[in-house]
1. Mind checking whether some residue in the range 42-51 is touching a residue at least 40 places away in the same chain (Cβ under 8 Å), closer than 25 Å to residue 84 by Cα and not β-branched (Val, Ile, Thr)?
2. Quick check: is even one residue across the range 39-58 open to solvent by less than 50 Å² (accessible area, probe 1.4 Å), part of a loop (DSSP other than H, G, I, E, B), out of contact with any Pro (no Cβ under 6 Å at 6 or more places or on another chain) and not polar (S, T, N, Q)?
Amino acid sequence: MPDLKVEMIEYILNEVIRRPGTQIDEKTPLVSSGLIDSLALVDLLQRLEDLTNTRLPAGKIQAKDMDTVDSMFSTARRVGIPRK
């Protein structure tokens, strides 16, 4: 899963944040720090589903579950439903 986390970090930096010089890792607070807003969570949820090959029921996920890359993948393991 570390490679998937790297992919997610690159996606966040290149497609969501888009601020040159910004650095994040798997433990960087994203939502609570204001680096990303709640609208970006929809994109991140979609990307997380693609990376983990799961379906993630939006009703079971809160903003705190998507605050760090580590928490995103923990949430995917906890509530993700494998795709067929």
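The values are calculated or read from the model by the stated rules, or taken from the named source; none is laboratory data. The structure presented is a predicted model; accordingly, all values stated were derived computationally and were not measured. Cβ placement follows ideal geometry from the backbone for every residue including glycine, while neighbour counts extend to all protein chains displayed. In case anyone asks, the SASA skips ligands and DNA or RNA and just uses the protein heavy atoms, side chains included. Shrake-Rupley method; radii C 1.70, N 1.55, O 1.52, S 1.80 Å.
1. Checking the range 42-51: at least one residue is touching a residue at least 40 places away in the same chain (Cβ under 8 Å), closer than 25 Å to residue 84 by Cα and not β-branched (Val, Ile, Thr).
2. yes
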